[in-house]
Every structure is written in structure tokens, then in C-alpha cells.
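Quick notes on the structure that follows.
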Amino acid sequence: MDAAERTAPESRLERSSHTAFIDNNTLYVWGGYQVVAGKDVMLPSDEIWLCDLDSGTWEWREITGDKPPDLSGFCGSHVNGALYIFAGCDSLGYTNQMFSVDLTEQHYSWQRVTDTVGTTPSPRNKHSCWVHGDRLIYFGGYGCKTMGEVRNTSSASFVVEEMSWTTIGNALFRCWGWNNEVNVFDTHTATWSMPETQGPVPAPRGCHSSALVGNKGYISGGVETAELDMFCLDLGTWTWTQFDVSQSCTPLGRSMFTMTPVSDHTLFIYGGLGTDGNTLNDAWQFDTQRKEWTEMTHPHKDKPRVCHTACLGSDNDVVVFGGSSNMRILMDSVAVLRAPSQDHCRDVFIFQTQPYSLFRLCEDFIGRNPELFGKQLNWLPSKLRSKIEKRVAFFSSATPVLTA
């Protein structure tokens, strides 16, 4: 994939397979790809987009420094004010490099993470990450290993893809496959480690979704199963648990979907690419205490999404951005292909998961009806007045960025 040209930057908001997070009610978006002239084009790594969720306005910011290559299939994580990017694919193939940028500084600058302690995981993409304290805990993915690495890896934790071997002369040198490894990076000490886990380990996979609730990391999907599975890893004891969901109505198996924690026992999933090959528009909640799924009714049935992001916003809103609305997988007797037509999105829409507070309802009412209050708005304290002015701008926009 070619790097996108640095023209008409607002057109680059349309994207899939990016990373996003919310901090101080601002949505940060980095990376991903879009389609230009019928080709997949990676978006530049030296820029980041910020959306003020109160006003619905976007801001483009440059990132200088030792920037990452333009990547696909990477994993982005926000910890202690910094964005970390690990692994993925660049123009030369799979990588296991890590980069970080401190987003609390006035000017953003990339730094390559070097001089780490411990063994860096093998190159990979399509993996996931839990942010737990100062630690980044990576799971799974698809990537390559040398023959020496394969010999030192359990066959249950790395499934070699047939016909993926490369050779040097007559000797096997490297192969590709899926893994279920757990790799931990301590951002405070710059140390890599691989804890020994116990319990029923998930099958090797990628393109799955993960979420953190307390000290437990959840993994779901990303494998070719008729129904969506669910695993939990206790990050204190490193013990896996598999949920038996056979007694409840279970979502269709899927990959490239989102899973967002919305309470201390509830996970919210949306969209993805179903095992039937279609982009999905359904929403479900999984209760980790009752161990059951519940399908949710919602107003966004016209917005199927795959390769999107979903972040936890204020008032436990789930904020969805980007992705593709019509990815399809075409199958024949020879190959599995992605459909050539694909629409990438730039809209932000919100799932409300709980009743709003009276304060939030008042803010929104004033924002929708500022003419009812006239000069009285000027009497508000400056901080509150600034917030109300943003809500007025949000609701008065002719082309709103967000939909609820």
C-alpha cells in the first residue's frame, strides 16, 4: 500500500483499521487505511486527528520525530498520556517495532522504543492489547517465526499456516501462523516478559476483540466458529477461564468487531465481519456475572461496520468511529477474496447505554434551544459557559459529525 498524499487532509478522516481512544472527552484517531482511486492506501503516520466530542469539531495535528512506517494491522494503546504503537505490517513485511508519542506535550513527537529488556515478541499483526496499570498486555495475532522460534514454541500456541514456509537454499527458514501468546510490556521499566498462563487457553487467533474490566482481560471472536466465544484472563494469577454460553442466545461468530466495557460486569459488542461473509450491524451485551448474551435494540441499524473503533465516552456512551460499511468476503472453490468495493466511513455515532444525568440533559436542552435563554447564558461561570457554547455549536451544525 502506498502512503497517502498530503493533500486535502479532511478527506483522510475516512478510514478503517485505525486506532482510537478518548481522553478528556476528546476522541483521538491515528493510522488506518482508505481507498484512493480503487487502491488501499495507508494513512500517514506523522499526523493524528482530534475530535472534540462536546462541539463535534475536528482538529488535525502533526507528529514530528522518529515516526513509524505507514502500518496496517498494528496495535495502538493509550497509557499515562502516551500513545504506543506496536508491530503490524509495513512495506517490507511484518514488524515487531514499537513507537510512542507523548500526547500531553504541546508539540507531538514520535520516539522509537529501544533499549528494552527481555525478549521482544516475534513480528505480527491483527493482535490485541489490554492496558493494565503501566503495562501493555498483548494477545494473539498472525505473524512469522524463524525455525528456531518454532522449535521453542508449543504447537498449541502457534498454528503454522500451510504453504507459508520460506527457505534459504534447501533449508526451511521461516513460517507464518496464528498464535495465542500473552506478551507483557512494562512501560515504566521498558521490560518485555511472557507470563506462564494456566487454564483453558483460547485457540490461536487474530482479528479478535479484547476488553479490560478491573484486573480481568476478555477475548472474543476472531476465529471461524459459528457462535461467538468468550474467554477471560485473570491478570493477577494469569489463569484463563472459558465461559459456557450454550444456555443463552449467542451472537454469530465474527472478526474485526469491537468490544467495549460499559460497566463492571458488562461488555458491549458491535458489528464486525460475520462468518457468513457479511458486514454486521447488530449490537449485543455480555453479562460476565450471569454469563449470558443479550441482543440490544438500537437506532443505528443503517450503519453496519467492520474494522471500526468503539471507545467508552462520558456517561458510559459507546462512541463508534470510522470503519467500512460494506466489506464482504467472496468465496469460491479456489480462494477467499475481499470484495473490491468498500466504503470507508468518517462519521461518529453514539450508543447510549444508561440514562443520562440531569446535568447532561440540561446541557443538551440548552444546546438545542439557546434562543430561549438569550443573554442569560453570559451569566454562567466561564467554564460552564464554554461547555454550553460547544453544545450550541454541536446542535446547530448543518452537517453534524456525531449522531446519537
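Each reported figure results from applying straightforward, stated rules to the coordinates on display, with no laboratory input. Given the structure is predicted, the values throughout are model-derived calculations rather than measurements. Please note: Cβ atoms are built from the backbone with ideal geometry, for glycine as well, and neighbour counts cover all protein chains shown.
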Report task. Mind pulling the angle between the C-alpha long axis of helix 358-368 and the longest principal axis of the chain? Nearest 10 degrees, somewhere in 0 to 90. Result -> 70
Report task. Please report, in debye to the nearest 20, how large the charge dipole of the range 201-330 is about its Cα centre when each Lys and Arg carries +1 at its beta carbon and each Asp and Glu carries -1 there. Result -> 300
Report task. Pop the C-beta distance of N24 and N326 into the FRET formula with R0 = 30 Å and round what comes out to the nearest 0.05. Result -> 0.35
Query - Acute angle (nearest 10 degrees) that the helix 382-396 long axis makes with the longest principal axis of the chain, alpha-carbon atoms - result: 80
Report summary line: With +1 on the Cβ of every Lys and Arg and -1 on the Cβ of every Asp and Glu, the dipole magnitude of the chain about its Cα centre, in debye rounded to the nearest 20, is 260
**Report entry** Unit charges at the beta carbon, dipole of the chain: most positive-side option, W49, W178, N215
**Finding:** W49
**Report entry** Sites W379 and T294, calculated FRET efficiency, Cβ-Cβ separation with R0 56 Å, nearest 0.05
**Finding:** 0.80
Query raised in the report: the range 359-403: percent of C-alpha pairs farther apart than 14 Å?
Result: 47
**Report entry** Alpha-carbon gyration tensor eigenvalues x 5, square-rooted, for the chain, Å
**Finding:** 36, 24, 22
Query raised in the report: Mean residue ellipticity at 222 nm from the helices of the chain, using -39,500 (n - 2.57) per DSSP H segment of n ≥ 4 over the full residue count, to the nearest 500 deg cm²/dmol?
Result: -2500 deg cm²/dmol
Query raised in the report: Taking the highest mean first, how do the peptides 223-231, 264-272, 288-296 order by number of other beta carbon atoms within 10 angstrom per residue?
Result: 264-272, 223-231, 288-296
Report task. Between D244 and E371, take the C-beta separation as r, use R0 = 60 Å, and let me know the FRET efficiency to the nearest 0.05. Result -> 0.60
Report summary line: Once the dipole of the chain is set up from charges on Cβ (+1 Lys and Arg, -1 Asp and Glu), the residue from the list N316, H78, T279 lying farthest towards its positive end is N316
Query raised in the report: From the cross-link list K216/K301; K216/K291; K301/K387, which pairs have alpha carbons spaced over 23 Å apart?
Result: K216/K301; K301/K387
Query raised in the report: Extension gain C362-E59, at 0.36 nm per residue separation less the Cα-Cα distance, in nm?
Result: 106.4 nm
**Report entry** Spin-label proximity, S386 to the range 46-65 - amide N less than 15 Å from point 7 Å beyond Cα toward beta carbon
**Finding:** 52-55
Query - Relative contact order (%) - criterion: Cα under 8 Å, at least six apart; region: the range 359-403 - result: 47
Report task. Return, for the Cα atoms of the range 15-114, the radius of gyration and Dmax in Å, separated by a comma. Result -> 13.4, 41
